[in-house]
1. Does the stretch 189-209 include one or more residues that are among the small types (Gly, Ala, Ser), free of Cβ contacts under 8 Å to residues at least 24 places away in the same chain and more than 22 Å from Asn109 (Cβ to Cβ)?
2. Given the conditions (1) touching a residue at least 24 places away in the same chain (Cβ under 8 Å); (2) open to solvent by 40 Å² or more (accessible area, probe 1.4 Å); (3) part of a helix (DSSP H, G or I), which single one is not true for Ile216?
3. Find the residue count for the stretch 181-212, including only residues that are under 17 Å from Ile247 (Cα atoms) and loosely packed, with under 12 Cβ neighbours inside 10 Å.
4. Looking only at residues that are over 19 Å from Glu52 (Cβ atoms) and part of a loop (DSSP other than H, G, I, E, B) in the stretch 4-25, which one is farthest from the chain's Cα centre (by Cα)?
5. Which pairs turn up if I take residues in the stretch 125-139 that are without any contact (Cβ under 8 Å) to a residue 12 or more places away in the chain and look for partners that are part of a strand (DSSP E or B) with beta carbon separation below 8 Å, at least 6 apart in sequence or on another chain?
6. Show the residue pairs that are 6+ apart or on different chains and have beta-carbon atoms under 6 Å apart, the first residue being within the stretch 162-177 and under 17 Å from Ala261 (Cβ atoms), the second being among the polar types (S, T, N, Q) and buried (at least 20 other Cβ atoms within 10 Å of the Cβ).
7. Can you name the residue in the stretch 26-53 that is open to solvent by 10 Å² or more (accessible area, probe 1.4 Å) and touching a residue at least 40 places away in the same chain (Cβ under 8 Å) and is also nearest to Ile5 (Cα to Cα) among such residues?
8. For Ile95, work out the one condition from (1) aliphatic (A, V, I, L, M); (2) within 28 Å of Pro7 (Cβ to Cβ); (3) open to solvent by 10 Å² or more (accessible area, probe 1.4 Å) it doesn't fulfil.
Amino acid sequence: MSVKIHPTAIINSGAEIGDNVNIGPYCYIEEKAKIGDGTNLIAFVTVRNYAEIGKNCIIHPYTAIGGEPQDHGYSNEITHVIIGDNNLIRENVTINRATGEGNETRVGNNCFIMDSVHIAHNVKVGDNVTIANKVGLSGYVQVGDHVVFGGMAGVHQFVRIGSYCMIGGLYRVVKDVPPYTLASGEPLRLTGLNKVGLERGGLNEEVRRKILDFYISLYKSGKLFTQALNEAKENINSYIPEIQHIINFYEGSHRGVTFWAK
């Protein structure tokens with residue numbers, strides 16, 4: 001095993017360190033932490049107990065992973081942070097452990113998390129997510145795959161962000177944002193499809209048109225939204241998978257869903 005550890009780093013006995021890991025100056029790794037093969041902790045990175053970092057991640061200075069949740073409901077139970085592979089995490093990021101015995105805060109694979117982002121307790125972040133500077137994800141937030149957050153956006157507790165969404169910078173997100181959409185404004189509203197994100201994700205023009213037509217049928221048909229959604233649910237088996245996914249997303253909403261701009 002080839003591990004490079006700077007003399008000023010502190011690695012507690014019991015920490016699991018993979019092969020080809022680099023641990024730079026003044027890093028601090030607690031005894032029940034795990035770091036996967038090929039991961040690079042550049043400097044001044046803290047990895048606390050019950051935090052697990054995957055393979056080939058790059059973590060920049062002053063990032064803290066696995067700190068206790070900032071939650072009045074936490075009572076010293078054992079909880080976890082699990083971070084996947086190939087993630088780029090920039091300076092000053094904080095990712096907290098979960099609340100509730102055995103629960104976890106999770107970040108997927110191939111994510112780009114920029115400076116001063118906070119990922120709170122019990123958050124679930126999917127794969128290929130980009131989170132720009134100083135975004136805050138509150139407790140229990142769920143983020144789908146291929147989501148992009150503009151800088152300084154703030155997401156309320158328990159909100160869900162659907163796959164392939166793009167959230168504008170500086171805006172607060174207080175209701176669920178359905179898949180494949182752009183969202184911005186105060187209050188936040190859907191302003192169209194995330195066309196660029198969908199193209200990059202390989203969704204062709206025909207699929208994008210069907211998704212847009214479906215949203216128009218929900219929001220622009222002149223019917224009450226609940227009526228339009230109920231009619232869509234009756235025909236769910238006739239839809240392409242992407243539209244079935246949208247309907248399921250609405251069905252699973254507890255905070256309510258962000259509406260289309262007028």
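1. Keep residues of the stretch 189-209 that are among the small types (Gly, Ala, Ser), which gives 192, 197, 201-202.
Then drop every residue that is not free of Cβ contacts under 8 Å to residues at least 24 places away in the same chain, which leaves 192, 202.
Of the ones still in play, those that are also more than 22 Å from Asn109 (Cβ to Cβ) are 192.
Yes - at least one qualifying residue is present in the stretch 189-209.
2. (1)
3. The total comes to 1.
4. Among them, the one singled out is Pro7.
5. Close Cβ pairs satisfying both conditions: none exist.
6. Cys165/Thr181; Met166/Asn194; Lys175/Thr258; Val177/Thr258
7. Within the stretch 26-53, the subset open to solvent by 10 Å² or more (accessible area, probe 1.4 Å) is 26, 28, 30-32, 34, 36-38, 40, 42-44, 46, 48-50, 52.
Cutting the leftovers down to touching a residue at least 40 places away in the same chain (Cβ under 8 Å) gives us 36, 48, 50.
Values: Gly36: 14, Arg48: 17, Tyr50: 21 Å.
Applying the filter and picking the extreme gives Gly36.
8. So Ile95 meets the others, but not (3).
The values are calculated or read from the model by the stated rules, or taken from the named source; none is laboratory data. Remember, predicted model here, so these are calculated numbers, not experimental data. Neighbour counts are summed over all protein chains in view; Cβ atoms, including those assigned to glycine, are modelled from backbone coordinates with ideal geometry. Please note that ligands, DNA and RNA were not included when accessible areas were found on the heavy atoms of the full protein model with its side chains. Shrake-Rupley method; radii C 1.70, N 1.55, O 1.52, S 1.80 Å.
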